[in-house]
1. Going by average Cβ density within 10 Å per residue, which order do the peptides 58-65, 161-168 take, highest to lowest?
2. Find the lysine pairs in segment 67-188 meeting two conditions, Cα atoms under 23 Å apart and a separation of 8 or more places or different chains, and report how many there are.
3. Distance in nm between label sites at Ser158 and Leu20, each 7 Å beyond Cα in the beta-carbon direction?
4. For the chain, find the longest principal axis of its Cα atoms and tell me its angle to the long axis of helix 55-72, 0 to 90°, nearest 10.
5. When ligands, DNA and RNA are left out and all protein chains stay put, how many square angstrom of accessible area per residue does the chain have with a 1.4 Å probe?
6. Spin-label point model (7 Å from Cα, Cβ direction): what's the Leu148 to Asn136 distance in nm?
7. How do Ile175, Ile89 rank by accessible surface area computed with a 1.4 Å probe, from largest to smallest?
8. Where does each of Lys156, Lys102 land when they are ordered by accessible area, with a 1.4 Å probe and the largest first?
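The values are calculated or read from the model by the stated rules, or taken from the named source; none is laboratory data. This one's a predicted model, so the numbers in the text were calculated from it and none came from an experiment. As a convention, Cβ positions derive from the backbone with ideal geometry for all residues, glycine included, and neighbour counts pool all protein chains shown. All accessible areas refer to the heavy atoms of the entire protein, side chains included, with ligands and DNA or RNA removed. Shrake-Rupley method; radii C 1.70, N 1.55, O 1.52, S 1.80 Å.
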Amino acid sequence: MSTPFFNTVKGNTVLYLFFLANSIYLFMVLYTIPQTTAFANGMSILDLKPLGYDLNYVNQLFGQLGDAGRLYYHKTQLAVDFIYPLLFIVCYTALAIYTTGKLKTPYKLFKWLYWLPLVAGLSDYTENLFIHHMLNTYPKINPTTVTLSCIASVIKSSTTTIYFILIITAGIMVIGQKYLWSKKTANV
């Protein structure tokens, strides 16, 4: 995997992107999501339902949110969540390139690693667009819109989970190779 493309991502760039993406993520986790959840009397917002939801849940959530909560979800939470997916895509693709570029042996499994942030990010945008539409049309929500939004949510959460399993595995392999390589050369 040592092609010029894979050697173009520097560690400092990955750290900068990681800080930027996760600053936005922390802002959502610590501020906008709890605020939205408070409007909903503790119900999880659609973005945080990794196993999906149905029309009944959406109607119940939007009803609990009330006018002020739906407005906050729409204008604040979704506004921030339209910034994050792009940062997620760029950051975690760069991390994948950097990490797998450190592997001494190419592994076919990690070919998928570069695509997962893109799939997760595009699924997040799709989910956000459907949530935006449902908030605009509430109380008349099309069941097909809910189904499509739910599919996007499940794809987002599953690809994100698979990505983190693979990137952690790759990171462990890089550390293992570095440790084993330095140990072998010290014994020679």
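1. Working: 58-65: 18.8, 161-168: 15.4.
Per-residue mean Cβ counts within 10 Å order the peptides as 58-65, 161-168.
2. Going through segment 67-188 pair by pair, I get 13.
3. 3.1
4. Tilt of helix 55-72: around 90 degrees.
5. Values: 10540 Å² over 188 residues.
Result: 56 Å² per residue.
6. Inter-label distance under the simple model: 1.2 nm.
7. Numbers: Ile175 120, Ile89 25 Å².
Per-residue accessible area, sorted high to low, gives Ile175, Ile89.
8. Working: Lys156 30, Lys102 105 Å².
Heavy-atom accessible area, descending, gives Lys102, Lys156.
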